[in-house]
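Data block below; observations after.
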Amino acid sequence: MHFDLVPPKHGGDLAYWQRKVGAQALAWLDLSSACNREPWPIPAIDPALWNELPDQAVLMAQATRYYGMRPSAIGAGSQHIIESLPALLSEKLKQKVVMVPRIGYQEHAFAWQKWGYEIAYYKELDELLEQTWQVAVVIQPNNPSGRLSSLAQLQAVLSKAESMDAYLVVDEAFIDPMPENSLLTTQVPEYWSPSLFVMRSVGKFFGLAGARVGFAFCANRWQIALQNLMGPWPVATPSLFLVGAALDDTEWQAQARHNLAQRQALFVSRVMPKLNTIFDSQDSVVSPLFVTWRLANAAYAEHVFDMLHSVGVHTRLGDGWIRVALPATEEIPRLDRALMGLLKTAGGRELA
């Protein structure tokens, strides 16, 4: 076990930039987080909920309706589940080798590393069909690249895992705007594969990252052990109430998916051409909640990241890529004006 490792950097870390830059960063348009910029509206909360110990029974029923099957466990966000799986499987594996995507949410690799697993990286999903491994992590769709695997590809990887007595972990934190692409749609609870773990989150589509609620789906043989790793009260009572209400709000969900499609179309037609010019790249992947550009190199990505700061736009910078969250409808004109202003500057004209 290696619990003294330096953790990976998280997200756009707006608070860091506010400390570094000062007051001007308080007014930045923050598009570094890929959570829904038009989140589910929070209702009034009965103060009595703060006096009650959490009882997951009601949320379990609400989640069963929403997902079409009963979750195996509820955690404090999908991050809690990510942290628990290495411990769950630590005694089941002879060789601790985990395959993770080279570009992807870094907490996956870090969680396994802390428990002494060796990390191997893959670029394309098909590589998992050609190699031997004990655990493979797939992010569907990938965060931050936005790439979406087909259900046929995922089923092939699952079959490979079963043939090797290995395990496939699928992180579906961003799948809710397009639930038809969820691996849950292909599974029958009574015949759930012992090799498969699926995670879902309410932080992205619902915009409830602060509620810290995530769901795990796995075979019955793992359920009790996973629940024990979660602990008796992993989620606060008010969060259980809020998330349950959001999962039951089918009218909002339908409207939100419609609004996301409209916002995306507006963003693609009005904003993307300017970003393509600024980034000097059309190598991008459009996902319902964000768009990610692959740039020429890391130095250039950092350069344009700083240029966007100069016009008050904060994005997510990676190693040679930049991710831009889909703005709220009312934010698109502001973003458009900022990009036009940037393109009119000396630096912007040079980019153009």
State whether one or more residues within the stretch 35-57 are within 21 Å of the chain's Cα centre (by Cα) and without any contact (Cβ under 8 Å) to a residue 60 or more places away in the chain. no
Enumeration of residues in the stretch 175-192 that are open to solvent by less than 10 Å² (accessible area, probe 1.4 Å) and either part of a loop (DSSP other than H, G, I, E, B) or under 16 Å from GLN253 (Cα atoms) (or both): ILE175, ASP176, SER182
Considering only helices (runs of 4 or more DSSP H) wholly within the stretch 1-109, the ones with at least 3 residues that are among the β-branched types (Val, Ile, Thr) are none
Name the residue, out of GLY203, GLY231, GLY214, GLY210, that is farther than 17 Å from GLN253 by Cβ and buried (at least 22 other Cβ atoms within 10 Å of the Cβ). GLY214
Result of the Cβ filter at 7 Å on the stretch 158-170, keeping first residues that are open to solvent by 50 Å² or more (accessible area, probe 1.4 Å) and partners that are not charged (D, E, K, R), at least 6 apart or interchain, is GLU162/SER193; GLU162/SER195; MET164/THR132
Number of the condition not met by ILE42 [criteria: (1) among the hydrophobic types (A, V, I, L, M, F, W, C); (2) surrounded by 16 or more Cβ atoms within 10 Å (Cβ to Cβ); (3) touching a Leu at 6+ places or on another chain (Cβ under 7 Å)]: (2)
Restricting the search to the stretch 110-130, which residues are assigned to a helix (DSSP H, G or I) and farther than 29 Å from CYS35 by Cβ? GLU127, LEU129, GLU130
Here is a list of conditions, (1) part of a helix (DSSP H, G or I); (2) open to solvent by 60 Å² or more (accessible area, probe 1.4 Å), and ILE332 meets all of them except one; can you say which number that is? (2)
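For the stretch 277-315: of the residues being open to solvent by 30 Å² or more (accessible area, probe 1.4 Å) and part of a helix (DSSP H, G or I), which is nearest to GLY22 (Cα to Cα)? Walk me through it before giving the result.
Of the residues in the stretch 277-315, the ones open to solvent by 30 Å² or more (accessible area, probe 1.4 Å) are 277, 280, 282-286, 294, 296-300, 302-303, 306, 310-311.
Still in the list and also part of a helix (DSSP H, G or I): 277, 298-300, 302-303, 306, 310.
On the way: THR277: 29, ALA298: 25, ALA299: 24, TYR300: 24, GLU302: 19, HIS303: 20, ASP306: 15, SER310: 13 Å.
Within the stretch 277-315, the match that is nearest to GLY22 (Cα to Cα) is SER310.
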Between residues in the stretch 133-155 that are closer than 13 Å to GLU180 by Cβ and open to solvent by 10 Å² or more (accessible area, probe 1.4 Å) and residues that are outside any loop (DSSP other than H, G, I, E, B) and of a type in the set (Asp, Glu), which pairs lie under 9 Å by C-beta distance while being six or more apart or on different chains? LEU151/GLU180
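If you go through the stretch 76-124, how many residues are open to solvent by 40 Å² or more (accessible area, probe 1.4 Å), more than 23 Å from LYS204 (Cβ to Cβ) and out of contact with any Leu (no Cβ under 8 Å at 6 or more places or on another chain)?
10
The values are calculated or read from the model by the stated rules, or taken from the named source; none is laboratory data. None of the values given here were measured: they were computed from a predicted structure. Note that we place each Cβ from the backbone using ideal geometry, even for glycine, and neighbour counts take in every protein chain shown. For accessibility, only protein heavy atoms count, side chains too; no ligands or nucleic acids. Shrake-Rupley method; radii C 1.70, N 1.55, O 1.52, S 1.80 Å.
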